[in-house]
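The values are calculated or read from the model by the stated rules, or taken from the named source; none is laboratory data. Fair warning: this is a prediction, and the values are worked out from it, not measured in the lab. When we count neighbours, we look across all protein chains shown, and the Cβ atoms used for this are built from the backbone with ideal geometry, even at glycine. The protein model used for the area step is the full one, side chains on, heavy atoms only, and it has no ligands, DNA or RNA in it. Shrake-Rupley method; radii C 1.70, N 1.55, O 1.52, S 1.80 Å.
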Amino acid sequence: MGRKTNKEFKADVMSGDLNRIKSAIMEYVALEKCDVQKATMELRKMARDEGREDLALLVDQASETTTKKNLKIFFIGLAIAVALCIWGISKCDRYRDWSRVEQDKDGSVWQVRVMLKDNLKDKSSYTPISWGPLQSSEDGGYTVTHTYRAKNSFGVYSVSTVVAKIDKSGNVTLYGQ
């Protein structure tokens, strides 16, 4: 299908069909690479050149509903993007409260997992094997033992066990890595 001519746009406007006029506005925007206001102005001019003020008003009405629809789509998209950003940040360990230490359902302690991954040569090779119980220490912190599998400096998988000490602020010190 080729490029639509001004005569075909004029036929759409003269049809008096609101949906056809909306479609013509959007096609004009796409073909002429202009905004909705310029397309509306051109199509309104076509109607007025034929002495049809009623159709010029219909073009304005079609433009208004097209603009409202585009704004609605924009704001829905924006709301979805904001919601995804908020959800993503809430799922990110870096933005959690480091001083709140507790074991997850799988026995893991997220502060230890983050610290451990930050110190590995290949973060993507990390596979947890087991977590010991989270034990309170005398200084108000915690201790937990963790066994995991990861690639070493030579690219070979090895199993390691670390003892992690977590202070009151959530700072982690790893021993036996």
Task: Whole-angstrom Cα spans of the range 48-139 along principal axes, big to small - done: 89, 30, 20
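In whole percent, how big is the carbon plus sulfur part of the accessible area of the range 26-177, probe 1.4 Å, protein atoms only? Intermediate values should be presented prior to the final figure.
Numbers: 5520 of 9920 Å².
Whole-percent figure for carbon plus sulfur exposure: 56.
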TODO: With everything on Cα atoms, drop me the angle between helix 36-49 and the longest principal axis of the chain, reported from 0 to 90° to the nearest 10.
DONE: 10
Open item on the list: Quick check: the angle from helix 18-32's long axis to the longest principal axis of the chain, C-alpha only, nearest 10 degrees?
Closed with: 70
Task: Candidate values (i) -1.17, -1.33; (ii) -1.08, -1.17; (iii) -1.34, -1.55, label of the one derived for log10 I(q)/I(0) by the Debye sum over Cα atoms at q = 0.18, 0.20 Å⁻¹ - done: (ii)
Task: Kirkwood hydrodynamic radius of the range 19-90, from inverse mean 1/r over distinct Cα pairs, in Å - done: 13.6
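Could you sort the peptides 110-118, 129-137, 165-173 by per-residue average Cβ neighbour count (10 Å cutoff), highest mean leading? Kindly include the intermediate steps, with their values, before the conclusion.
On the way: 110-118: 18.3, 129-137: 13.1, 165-173: 15.9.
Ranked from most to least packed, the peptides come out as 110-118, 165-173, 129-137.
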- [ ] Determine the calculated [θ] at 222 nm for the chain from helices alone, applying -39500 (n - 2.57) to every DSSP H run no shorter than 4 residues and normalising by the residue count; nearest 500 deg cm²/dmol.
- [x] -16500 deg cm²/dmol
Task: Hydrodynamic radius of the range 30-71 per Kirkwood, over alpha carbon pairs, in Å - done: 10.5
Task: Most to least packed among 25-31, 150-156 [average Cβ atoms within 10 Å] - done: 25-31, 150-156
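Send over a whole-number figure in Å² for the accessible area per residue of the chain, probe 1.4 Å.
Numbers: 11520 Å² over 177 residues.
Accessible area per residue: 65 Å².
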